[in-house]
1. Suppose we keep only residues that are within 14 Å of another protein chain (Cβ to nearest Cβ) and touching a Gly at 6+ places or on another chain (Cβ under 6 Å) within segment B:260-307. Which one would you say is nearest to residue B:24 (Cα to Cα)?
2. I'd like the full set of residues that are within 10 Å of another protein chain (Cβ to nearest Cβ) and at pLDDT below 90, limited to segment B:12-36.
3. For segment A:174-187, give me each residue that is more than 9 Å from every other protein chain (Cβ to nearest Cβ) and either touching a Gly at 6+ places or on another chain (Cβ under 8 Å) or part of a helix (DSSP H, G or I) (or both).
4. Just to confirm my filter: which helices (runs of 4 or more DSSP H) fall fully inside segment B:131-226 and include at least 1 residues that are under 20 Å from residue B:93 (Cβ atoms) and within 11 Å of another protein chain (Cβ to nearest Cβ)?
5. Could you run through segment A:230-255 and say how many residues are within 11 Å of another protein chain (Cβ to nearest Cβ) and buried (at least 23 other Cβ atoms within 10 Å of the Cβ)?
6. Going through B:56, B:99 one at a time, which residue ends up being within 30 Å of residue A:407 (Cβ to Cβ) and more than 8 Å from chain A (Cβ to nearest Cβ)?
7. If we keep just the residues of segment A:369-379 that are charged (D, E, K, R) and modelled with pLDDT of 95 or more, which is farthest from the chain's Cα centre (by Cα)?
8. Just to be sure, is residue B:255 surrounded by 17 or more Cβ atoms within 10 Å (Cβ to Cβ) and at pLDDT 80 or above?
Amino acid sequence: MSTPRRVVLAASLVALVACSGEGPGPNALRIPLINDPILNPVLAPDIGSVLINKVLFSALVRPDEHLRPTPDLAESWTTSDDGLAWTFALRPGVRWHDGEPFTARDVKFTFDQALDVKSGSRLRSDFAAVDGVDIVDSLTVRFRLKAPFAPFLSLLGYNAGILPEHRLRGRKLTDATDFNRSAAIGTGPFRIVSASSGSAIVLERYPGYHGAVPALDQVIFRIVPDVNAQVAQLLAGELDLVPIEPANLGSVERAPGVVVARNPIVQHVYVGFNQLRPAFKPALVRQALDLAIDRQAIIDGVVKGAADLPRGTIPMVLSGYFDGSLPAPAFAPDSARALLARAGWRPDAEGRLHDAKGAPFALTILVDKGNPTREQAALAVQQDLRRIGIDVSIETLEFATLVRDRVLPGDYDAVLIWWTTPPDPDQYSFYATGQDNNHVRYSNARVDSLLGAGRATLDTVARRGIYAAFQREEMTDPPVLVLFYPRELLAVSARIAGLPALGLRDALRHTERLSVKR
Amino acid sequence: MTGFLLRRAGHALTVILLVCTATFMLVHLAPGGPAVLADPKLSVEERTAIEERLGLDRPVLAQYGLWLARVARGDLGRSFLYEVPNLRAIGERLPNTALLAGTSLFLSVLLAVPLGLWSAAHRGGWVDRVVSGAAFVAMAVPTFWLAIGAIFTFAIALPLFPAGGATAAGGSGGVLGRLYHLAMPAVVLAAVTTAELLRYMRSSAQTARQQPFIRVARAKGVRDAAIQWRHVLRTALIPVVTVLGIQIPRLVGGAAITETVFAWPGLGRLGIQAALGRDYPLVMAITLFISAAVVIVNLAIDLAYLWIDPRIRMDQR
């Protein structure tokens with residue numbers, strides 16, 4: 001259509017709109033989701049569902065600004081001496097969004113479903129240590145554990161929102177379509193007003209909320225699949241809070257009325273080397289690779305400063321456990337070459353590394369397609385490793401293909417990927433020998449015993465010592481090559497106040513504190 | 001006539017079955033598999049349970065057999081990604097797609113037919129030159145680019161229109177609110193269709209003008225406007241109507257991009273996300289639905305020829 005016609009059309013429609021009273025209520029927070037969520041914390045398979053469920057559903061505990069579990073639906077709790085029984089006193093007077101009282105039956109129902117792998121539960125492995133839940137009285141529940149499990153409290157506050165038994169009992173969770181799509185009720189500070197497929201889910205203040213009175217009238221989750229469109233909507237004043245990539249920083253930082261928060265999150269981005277491959281089995285080789293990477297250059301150049309230098313796999317944001325006294329990773333290509341020489345990799349005349357039989361040191365790094373930050377980080381790693389004589393190629397694949405066809409079956413040399421973990425230092429399932437999530441097939445007997453002890457030790461001081469020892473062990477036998485601890489870039493409309501300095505996952509547990517500046 | 005319709009219905013069913021079989025094989029051959037299984041954090045136990053629940057542990061051919069049997073019973077299955085019956089997922093999005101595609105098709109016909117006729121009658125005139133130039137630009141520019149450009153121009157730089165969505169974030173906003181949100185995506189989606197229709201209309205009207213019966217009409221002293229509207233238009237519309245039929249699936253497919261950029265809750269976007277997430281049942285349901293729609297529209301268009309052009313008779317086909 002040619003320009004004059006468009007202008008005429010625009011002008012006439014503007015006239016229409018002027019009388020239609022268009023525009024969101026001023027006292028609202030508008031957040032994008034890329035897809036229709038599943039409004040059930042036990043079933044939620046994706047980040048979008050997790051985010052909205054944190055607003056709708058409360059959990060027994062929630063993380064504070066230091067990610068420590070604090071009371072929410074549970075007022076207090078005690079642990080038996082053997083660490084096998086956790087008893088929670090529930091907050092009295094809490095009501096579901098439909099007015100029904102919240103009781104111990106809801107807690108038992110939720111965890112019975114979460115532990116039943118046939119229910120469609122995505123929380124089963126988080127709570128694999130739980131043997132069962134007993135109702136002591138209407139406001140007291142007791143969890144029976146198979147073994148002492150220190151991360152238990154953090155996991156209760158992570159994704160385990162409590163479901164209403166009176167709405168869901170007697171049928172399969174996956175069949176409760178209306179609940180899961182539009183009629184969910186929780187005990188959170190906001191309740192559902194309307195949900196329209198592919199469009200938006202509108203929540204309003206729940207006057208009966210058990211915590212502080214929510215300051216906002218509404219929280220609106222708009223379905224906007226494209227990240228560039230999300231940024232455009234933010235700039236047009238139609239969204240208030242958009243997680244962005246470093247590549248979007250330029251367009252957002254210059255925009256008036258938008259501020260960018262860089263909040264640390266519980267995540268480590270790494271290059272994992274498949275230790276089923278003989279080349280990556282020796283700790284010496286992985287130590288050398290660790291020394292060959294200029295992480296600061298990646299943090300400055302690729303991530304635009306929105307990341308912290310790593311020291312092992314436990315992120316800095318877990319301040320109670322992260323050992324900051326450890327040295328920052330060195331960038332020392334010469335030392336890397338020397339270590340590799342000790343491991344039997346000799347340079348030829350052109351500086352390319354070969355083993356004793358003359359085979360070159362070659363590897364392919366897998367990276368997921370479509371994320372510019374990770375694709376560029378892979379390029380930087382490729383250049384750094386080439387500099388010490390390793391022949392590196394890069395293969396980009398769709399994320400699902402990368403995971404299911406290559407990483408899970410162990411059909412890869414190296415992969416640039418990340419773990420987002422609960423706010424707890426427990427990494428047993430990632431780095432202990434033979435665990436399902438140990439995709440790099442790392443195996444170190446001392447790490448096995450440290451990580452085993454770390455999840456079984458409830459005493460905080462003793463636990464801190466264990467993870468400090470784990471981080472030291474990682475310096476000499478790194479399970480993966482940690483590139484950085486990313487910060488979540490949140491482009492936030494300047495009119496929004498009260499956003500905690502946490503990743504969105506945890507910040508949204510405190511939605512009642514958010515407000516609009518007047 | 002009845003024989004013709006039965007024959008066409010038979011063809012239609014065969015086409016739909018072929019399309020569905022091919023789609024089923026393609027989505028299952030595509031690497032990666034369902035996104036619901038892509039979370040690297042799933043334990044082996046959880047992964048196995050999901051595969052069993054969704055029937056993914058069976059061989060592909062067995063899955064296809066089951067799918068066909070269900071469709072024969074009128075059951076389109078449930079979506080992996082959204083845990084809802086596919087028919088409901090499609091039903092929720094269909095009105096939005098129909099509104100967007102319908103509006104943009106309407107805009108296209110409204111502009112392309114008279115402008116094409118005029119251009120053919122006044123070849124080389126300024127209207128012809130301007131319109132042809134604009135048409136080439138519209139065809140050359142990718143839709144997503146046009147969409148993003150439109151958002152930055154008319155939603156951010158000049159805040160005249162909303163940057164996305166089908167309604168205001170807080171609620172419905174009524175019919176005017178819908179129109180306000182519809183304007184940009186409909187115009188962007190109409191751009192290419194209009195351009196192509198216009199080119200067809202122009203050349204087909206030109207051919208029609210050279211037909212002997214036009215000269216006869218002119219010799220009989222029929223007025224120019226009457227020649228234009230009664231004789232040229234009807235003759236010229238035949239190829240244009242054919243192209244229009246081809247546009248229907250393209251509007252749904254092309255709408256997927258427009259729908260994504262404008263966050264318009266339509267069927268095309270649902271289909272793209274289903275394909276990306278390897279939501280097999282939803283991909284199949286949408287494929288079945290769209291192929292049926294295309295077959296039916298084309299049948300309708302074949303019947304429309306009869307009405308448009310008196311020279312076409314059933315017995316000739």
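1. Restricting to residues being within 14 Å of another protein chain (Cβ to nearest Cβ) and touching a Gly at 6+ places or on another chain (Cβ under 6 Å), the top hit is B:281.
2. If the condition is that a residue be within 10 Å of another protein chain (Cβ to nearest Cβ) and at pLDDT below 90, then B:30, B:31, B:32, B:33, B:35, B:36 are the ones that fit.
3. Listed by number, the residues that qualify are A:178, A:179, A:182, A:183, A:186.
4. Filter on segment B:131-226 gives B:143-151, B:174-209.
5. Selection size over segment A:230-255: 9.
6. From the options B:56, B:99, the qualifying one is B:56.
7. A:375
8. yes
The values are calculated or read from the model by the stated rules, or taken from the named source; none is laboratory data. A quick note: this is a predicted structure, and the numbers were derived from the prediction, not measured. Every residue, glycine as well, gets a Cβ built from its backbone with ideal geometry; the counts of neighbours run over all protein chains shown.
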